[in-house]
Every structure is written in structure tokens, then in C-alpha cells.
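Working notes, beginning with the structure itself.
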Amino acid sequence: QHPGHLVVDVLPLKRPTSNNQDCEAFGNDDGVCFSNGFVPENSDEVESMEAEQLEEEDPMLEEMPGYNFKAYKRADISSFYNEPPGSRVEATPSFQGQAAKFQNMSPERLDLIWDAGSGAANGNHICSTGPFESCGTSSFATHVFYFVRPKTMEVVCTFQVVKEHSTYYCDPFVANDAEDESAGELNEPLRSIATLSYAERKLYEAAQFNRDFAPVYKNFTGGNEWLGQFPTQKPQHFMWRADYFGQEHHVSTKETHFVQLPPQDRLKRLSIVEMKRENSTSLPLREWREDADTLNLTLTVISVAPRIIQIDNFLSDIEVDHILETALKKNLQRSTTGMGGADAHVSSVRTSRTTWLSRHTSPILDAIIRRGADVMKIDEALMRHRLENENGRYPHMPNKNPINEDLQIVHYDQGQQYTAHHDFGYPDTRPNAPSRSINLCMYLNEGMEGGETSFPRWRRAKHGGAVKAVPKKGKAMIFYMRLPDGNLDDLSQHAAMPVLKGEKWFANLWTWDPYSE
Ligand SMILES: O=C(O)CCC(=O)C(=O)O
Ligand SMILES: [Fe+2]
């Protein structure tokens, strides 16, 4: 029996249902238009292949007794090779990095400092977290962190990262359990719980509940670190299945490739109405596209855990050139890490330069984002601002923002890299708080030495080799940073390997779940 005070405010979204009638009903006949977790209010449930496929739940989701929650279990590695259980032995990754999440169980804002060898006062500021919230970074065993009071730098808790423990707690109300390696050491006297307000007390109890849930989840799933904020709902946007290496999915999109560059006066910035294509009956700029009704793309699973899918030929050469030309007109800035705003850091971890391009920028960018929506099976309307009259379509979305960020263009010079990191941030204490969920990334050039994207913790059998995506102009890759149960995927940790010779151009398209703010 679990505390009843935790209000599980799950967004009342139905699971995916889709059919082309929905598309037509909403005047949207311009592509693969359904296939997301949100169902139009007035849609009928129509039987279709697509719908059946979407409704089929991942077989590794299993009810956790006592929690009313389906957890995503770790599959036997043999299944990744389509072989009977027990026929393969899992390899131990040589890479020792891991997520390190720090939960602030106090009612005050705290800053996370990493001790790079010279104490708290001279440490590196990593992130800042509000009362009862969490923040973190990618780290390694033995590394030391502190939660300090902003400004005064008084140390409230000290932590040391331990292998196979990804979440650490700073609890000023309960004495440390010396056995518990996830308990941060409190550097000051214990406080009384009676000092908390009612609202604070609720948040504190929720944090405790989440803390108690973590080891049960890890045990139940066979070793997945719990990085979420329980209770949580599963991802609301579609996820491709990844059951075994080489598994293929096929997408047909009406967003065909541009094969010639339209004249400049046809490449103007688009309004939302233009992006919505409210008044258009045919595909925009069709003359400059390949002479075909659809573009057929093959999605190939290159890693099961983390879930990574490769798509060759996602962008045409003309499209890549257009992206690069547009990016170069903007001034690329030194890249930062963190989620932007106050948490953005210029650091030696990420040495590249960056700029952002919005879907509004040109009809080509718009087409690329629409194609991206199709390959992720997300409604394109979710990937732009929605108009008033589209309200009914997503009745439970708290805002009309796109669920994705702008396309982030990254340039690496020789020697530059992005060391192993996670792309996600930790959701705040609101039930089902949003976080980054999917990255559809793209390679914009090739032929450099180095510069691969590497996922050093992917699960594989011994002698399985490394999963590294090698840059190829126009190639895309989808990777999921959430598991099908809503947890964040520690194994989605990845690195942009140093460019050894030449330069590298890359693009990130991050999608949030369930919405973005
Ligand atoms: O450049 C790459 O291959 C990956 C870049 C990356 O991980 C990022 O920008 O978050
Ligand atoms: Fe990344």
C-alpha cells in the first residue's frame, strides 16, 4: 500500500490511435499526419494497421506490483540478436561514465558544485536546483560534488559518486544511513520536519516516495537506474520499437527531397498559416523537388538499449547546403552545455560553435521539420505553434508551443568534441513535468577523420563491436532519451568524438514530452 496523498495528475491523453480520416477531418492531407500520443477530440477509433501497430505495447513493459505502474524491464541480450534467451553473454562496457542526479530534499535553492580537486569554494558550478527538485550531470565514480547555498557557498551536503548509483539525496531532516551509498553527507545539524509548511511537506514526502521507489524499480527491471520523478506517465509521443539489431521500419512521407534550389524570392520566412498550409492544395515548391509523390525512408535499429535508429538519405544535398548557408549567415556562437538560460555553461566539455534555425526560416526548413515529424510519427502541428482554431485538436496540451526546439546547428573544428553527456534535464516536481525525450539529429557533412557520435554504454553481447554513428551527409539518427515507461535512459549517454582532421557539421532536433514550455 502506498501513500494516497500523491496526486497522480496524469494528462488524460488517450494512447495513439490513428487513421487517415483524422487527417482529412482536420484539413490535413499533406503527409503522414497522425501517429502521436494525442488524439483529436472527435476522432472515431478506426481499425487500421497503423492503429494496431501503435496500440501494441512494448513487451518489456510489465506491471510493478503495488505501484500501478508498468516498468520497462531489461531484455535478455540474446533477443537483441534475435536469438533464444541465454545464447549470448552481455559485454561489460569499458566506459565508466554514468548519470549523476542530485535530489535536493530541502526547502531552499541549492547549487551543485563539482570538486575538480580544489575544494567546494573553487569547484565548478554545475547547476542550480529549487526546493525538492533535482539537477545533475554526467559523471564518474569517485567524483565529489557539493550542494551549497548560492552566494554564501556554505556546504549543505557532500556527495561521492559510487559506481551503479545514479541518484544522490541531500536530506536535512533524516540522519544518514551509513549503509546507503546514495545518501549525501549532511554538513550541518539535522532540521526538524515541523519547520516545513504543509505544501513543503507534501513535496518532501513526494521526494521520499521517489527515493524509496528507485531501488524497487532497479531491482524489478533488472538493473535500470531510476532517474525519473515517480509517479510519472509513459512518453506521450510515439516511440519506434527497437527489439533487435537491424530491425527496420519504413516511412513514406509526402515531404519529398529538394533537388534544386528554388530562387531566393521563393525562400522567404513563413508565417504559421503558411506552415499550416491551410490554403494549399498541392505540395509547396514541388517543381524544385524530386519528381515523385512520396519519399520512402528506411529506419534501421542500430542499438536497442539505448534505442537508436539510423536513417540514410534523410536530407538531400541541396537541403544540407541550404541549412549550412543559412547557418553561416548567422553568427555561430561558442556552444554551451546545460538547458540554456541560467544553466547554460561554456565549458571544455563542449568546444564547438552553435546556432539555431527555426522552422519558420524557409520553406525548405519547414519541409525538413515536417519530414522529421513524419519519421518520428508525430503530428507536424505539434512541431509548430498552433492556431486558436486548432485548439480542439489537442485539448489537453497546456500550451500551443511546439514540442520541439529549433534546429540546433553545430560546427566542430579540428580538435573539437563534446565529451560523454546526456541530452536530457531532470523534470521538476510537477506531476508529469516535461523533459527532452527524442533527438532527431543529422549529419551535414562527411569525410572528416573522427567526429563519430559514440554511445559507449550500449548493451550488446561480447565481441559486439562499438556502436558509433559515422557522419555521412544527409544521414539522420533518432535516439530516445526516455524509456517506454517514462524513465530517463541513463544509457543514452553519448559523445561527439574529437574531429581529428577536417571539420564537422551536425544538427540536433530535440523534442520534449509531453509538451514544451
Ligand atoms: O556531434 C555529435 O555527434 C553529437 C552532438 C551532441 O551530442 C549534442 O550536440 O548534444
Ligand atoms: Fe548530445
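The values are calculated or read from the model by the stated rules, or taken from the named source; none is laboratory data. Everything numeric here is computed off the predicted structure, so don't read it as measured data. In this analysis, Cβ positions are derived from the backbone assuming ideal geometry, glycine residues included, and neighbour counts consider all displayed protein chains. The area values use the complete protein model at the heavy-atom level, side chains included, leaving out ligands, DNA and RNA. Shrake-Rupley method; radii C 1.70, N 1.55, O 1.52, S 1.80 Å.
Key figures
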| item | result |
| --- | --- |
| Simple label model, 7 Å out from Cα along Cβ direction - Met153 to Asn313, nm | 5.8 nm |
| Cβ crowding within 10 Å averaged over residues, with 108-115, 170-177, 491-498 ranked highest first | 491-498, 108-115, 170-177 |
| Debye-sum result for the stretch 248-513 in log10 I(q)/I(0), which assumes one identical scatterer on each alpha carbon, at q = 0.12, 0.14, 0.15, 0.17 Å⁻¹ | -0.75, -1.05, -1.21, -1.55 |
| For the stretch 75-148, alpha-carbon Rg and Dmax in angstrom | 18.5, 54 |
| Calculated FRET efficiency for the pair Ala121/His396, C-beta based, R₀ 56 Å, to 0.05 | 0.75 |
| With 10 Å bins from 0: P(r) over the stretch 217-322, alpha-carbon pairs, percent | 11, 27, 27, 20, 11, 3 |
| Cα-centre dipole for the chain with unit charges at Cβ (Lys and Arg positive, Asp and Glu negative), debye to 20 | 1280 debye |
| Calculated from backbone phi, Karplus (6.51, -1.76, 1.60) coupling profile of the stretch 57-72 in Hz, x at Gly/Pro | 7, 4, x, 8, 7, 9, 4, 8, x, x, 10, 6, 8, 9, 9, 8 |
| Computed FRET value (nearest 0.05) for Arg269 with Ala175, which takes r as the C-beta separation and R₀ as 56 Å | 0.40 |
| Computed accessible area, Trp505, all protein chains, 1.4 angstrom probe, square angstrom | 20 Å² |
| Net dipole in debye of the stretch 225-341 [+1 Lys, Arg Cβ; -1 Asp, Glu Cβ; about Cα centre; nearest 20] | 580 debye |
| The chain: antiparallel DSSP beta bridges as a percent of all, rounded to 5 | 95 percent |
| Subset of Lys254/Lys400; Lys234/Lys268; Lys276/Lys501; Lys73/Lys276; Lys101/Lys330 violating a 31 Å alpha-carbon distance limit | Lys234/Lys268; Lys276/Lys501; Lys73/Lys276; Lys101/Lys330 |
| Kirkwood Rh in Å, taken over all unlike Cα pairs in the stretch 97-221 | 14.7 Å |
| Counting all C-alpha pairs of the chain, share separated by more than 41 Å (%) | 21 percent |
| Amide H contacts of Ile308 (H built 1.01 Å from N, under 5 Å, at least 5 apart or other chain) | Ile302, Ser303 |
| FRET efficiency estimate (nearest 0.05) - Cβ-Cβ, Lys472 to Ala91, R0 25 angstrom | 0.45 |
| For peptides 429-440, 357-368, sequence by mean Cβ density within 10 Å, most packed first | 357-368, 429-440 |
| Linear extension gain, Asp428 paired with Leu190, 0.36 nm per residue minus alpha-carbon span | 83.2 nm |
| Listed peptides 266-273, 136-143 by packing density, highest first (mean Cβ within 10 Å) | 136-143, 266-273 |
| Proportion of all alpha-carbon pairs of the stretch 346-433 beyond 22 Å (%) | 47 percent |
